[in-house]
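Presented below is the structure to which this report refers.
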Ligand SMILES: [Zn+2]
């Protein structure tokens with residue numbers, strides 16, 4: 001987690017221009033993640049220190065929290081790692097038949113309907129306007145340096161590791177159904193110009209359709225493809241990634257472009273057109289996180305939506321941008337402790353096998369219990385239970401473990417059950433998917449080296465329950481798997 005990363009302000013990403021959010025697939029996603037609270041010189045955070053800590057761990061057997069608890073990004077020690085309670089026995093294991101079609105909740109956002117449902121789709125039918133969500137796709141990686149800045153061998157090795165991790169990520173979260181083949185050139189190529197000729201500042205980035213960023217999207221694509229064309233075979237390339245020397249100053253944040261959205265110029269290689277471009281600048285960002293940026297942006301090429309809400313930061317008690325999905329999904333926050341993709345995103349993408357999903361509608365659902373396999377486990381078996389609760393809503397239940405893609409430390413554990421709810425009428429950036437949080441919960445914190453971003457304490461531990469739309473979801477057993485009872489009121 002970058003500790004001093006500059007901050008594309010979340011609030012500045014408005015939905016006032018639907019064409020920008022919808023057609024453009026543009027966003028300041030690096031914003032959902034930033035850490036405005038970590039600047040200890042702000043008077044605001046100091047005043048927070050004088051306020052009594054909120055009851056973050058209500059219901060815990062040992063409810064004391066560290067009295068040094070504050071909102072300045074330091075480690076929060078808590079006395080209890082979970083909110084586990086004495087569980088009730090599980091209901092009888094469900095034997096009801098699943099009907100997957102019922103959970104294909106149609107996308108009904110007025111905004112997306114208006115703009116043709118071509119990107120950022122939160123419901124059904126499944127669509128991919130750009131890259132198919134299943135199959136093998138090629139990503140070309142071009143190391144570029146400038147006339148006034150050269151890259152070195154170490155930077156190349158860092159970048160290679162990161163793009164390979166990105167490919168591995170999609171192999172795992174898609175259960176092997178989506179594969180990116182990485183073709184990375186093995187030396188630095190020099191763009192025709194100095195860094196200033198290719199620069200995009202944070203302010204220019206925020207101005208999504210400003211002259212500078214529009215022209216730079218095209219220039220990077222045009223010059224970068226022309227530069228690499230003699231050395232690389234772009235046959236079948238779906239995404240081109242430009243990687244930069246670590247100490248570059250050209251890109252203050254990132255540059256991503258999606259043809260048909262915010263990119264009006266399609267890359268023209270000898271082997272055919274290239275539609276998507278990513279480049280991460282952010283010189284203050286931990287380079288070990290580059291892969292997560294690629295993964296999030298690639299989600300958009302698969303038509304997957306952002307899961308953060310543009311204005312949610314303003315609602316949190318301490319100014320942290322916690323969001324309706326907080327840090328619990330790659331498409332909500334690509335710098336947080338949890339970088340996996342949750343059940344709804346995987347369902348949208350078509351990555352589950354039929355036997356990994358139980359679906360029913362509320363009317364037909366019969367109360368019972370289910371044994372859930374953690375979503376990131378290699379194990380087969382049931383990964384999610386989804387109950388359709390209206391024409392446009394469903395409740396989604398899944399099991400999470402702190403393991404790869406979901407392993408960042410927080411001040412409380414996150415091994416347990418996660419309950420979310422989708423509402424497909426909600427427009428982009430307004431929080432269509434939202435965590436359903438047990439009563440009395442507050443925020444938990446990433447450790448100091450992750451920048452101090454607050455997360456909603458949303459995990460259901462043993463004995464915990466939550467009620468959503470007439471369904472009570474309760475955790476009865478936990479171990480390698482979780483057993484949950486779902487009771488219809
Ligand atoms: Zn995004």
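The values are calculated or read from the model by the stated rules, or taken from the named source; none is laboratory data. A quick note: this is a predicted structure, and the numbers were derived from the prediction, not measured. Every residue, glycine among them, receives a Cβ derived from its backbone with ideal geometry; neighbour counts consider all protein chains shown.
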- Being buried (at least 18 other Cβ atoms within 10 Å of the Cβ) and farther than 11 Å from residue 97 by Cα is the filter here, so list the residues in region 358-370 that pass it. 368, 369, 370
- Task: Within region 187-222, track down each residue that is touching a helix residue (DSSP H, G or I) at 6+ places or on another chain (Cβ under 8 Å), more than 22 Å from residue 283 (Cα to Cα) and touching a residue at least 12 places away in the same chain (Cβ under 8 Å).
- Result: 209
- Query: Do you know which of the residues in region 253-264 that are part of a loop (DSSP other than H, G, I, E, B) and within 15 Å of the ligand (Cβ to nearest atom) is nearest to residue 339 (Cα to Cα)?
  - Reply: 253
- Subset of region 313-361, residues modelled with pLDDT of 95 or more and over 16 Å from the mean Cα position of the chain (by Cα), comes to 350, 351, 352, 353, 354, 355, 356, 357, 358, 359, 360, 361
- Note on the structure: How many residues of region 79-110 are surrounded by fewer than 18 Cβ atoms within 10 Å (Cβ to Cβ) and outside any loop (DSSP other than H, G, I, E, B)? The answer is 5
- Message: Can you say whether residue 200 is in contact with a strand residue (DSSP E or B) (Cβ under 6 Å, 6 or more places away or on another chain), over 21 Å from residue 137 (Cβ atoms) and surrounded by 21 or more Cβ atoms within 10 Å (Cβ to Cβ), as far as the supplied structure shows?
- Response: yes
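What strands (runs of 3 or more DSSP E) lie completely within region 409-489 and have 2 or more residues being free of Cβ contacts under 8 Å to residues at least 60 places away in the same chain? Break it down into steps so the answer makes sense when it comes.
Details: elements: 416-423, 433-435, 443-445, 454-456, 465-468, 471-478, 482-488.
Here the list reads 416-423, 465-468.
With respect to residue 267, determine if the residue is over 19 Å from the mean Cα position of the chain (by Cα), at pLDDT below 90, in the same structural domain as residue 163 (by TED's automatic domain parsing) and buried (at least 23 other Cβ atoms within 10 Å of the Cβ). Can you show your working first?
Values: over 19 Å from the mean Cα position of the chain (by Cα): yes; at pLDDT below 90: no; in the same structural domain as residue 163 (by TED's automatic domain parsing): yes; buried (at least 23 other Cβ atoms within 10 Å of the Cβ): yes.
Taking the combined requirement at face value, the residue does not satisfy it.
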- For residue 126, all conditions in the list (1) touching a strand residue (DSSP E or B) at 6+ places or on another chain (Cβ under 8 Å); (2) more than 26 Å from residue 232 (Cα to Cα); (3) surrounded by fewer than 18 Cβ atoms within 10 Å (Cβ to Cβ) hold save one; what is the number of the exception? (1)
- Item | Members of region 137-158 found to be touching a helix residue (DSSP H, G or I) at 6+ places or on another chain (Cβ under 7 Å) and in a helix (DSSP H, G or I), listed by number | 158
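Residue by residue, here is whether (1) in contact with a strand residue (DSSP E or B) (Cβ under 9 Å, 6 or more places away or on another chain); (2) more than 16 Å from residue 342 (Cα to Cα); (3) within 12 Å of the ligand (Cβ to nearest atom) holds:
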position: 266; (1), (2), (3): yes, yes, no
position: 270; (1), (2), (3): no, yes, no
position: 275; (1), (2), (3): yes, yes, no
position: 280; (1), (2), (3): yes, yes, no
position: 292; (1), (2), (3): no, no, yes
position: 299; (1), (2), (3): no, no, yes
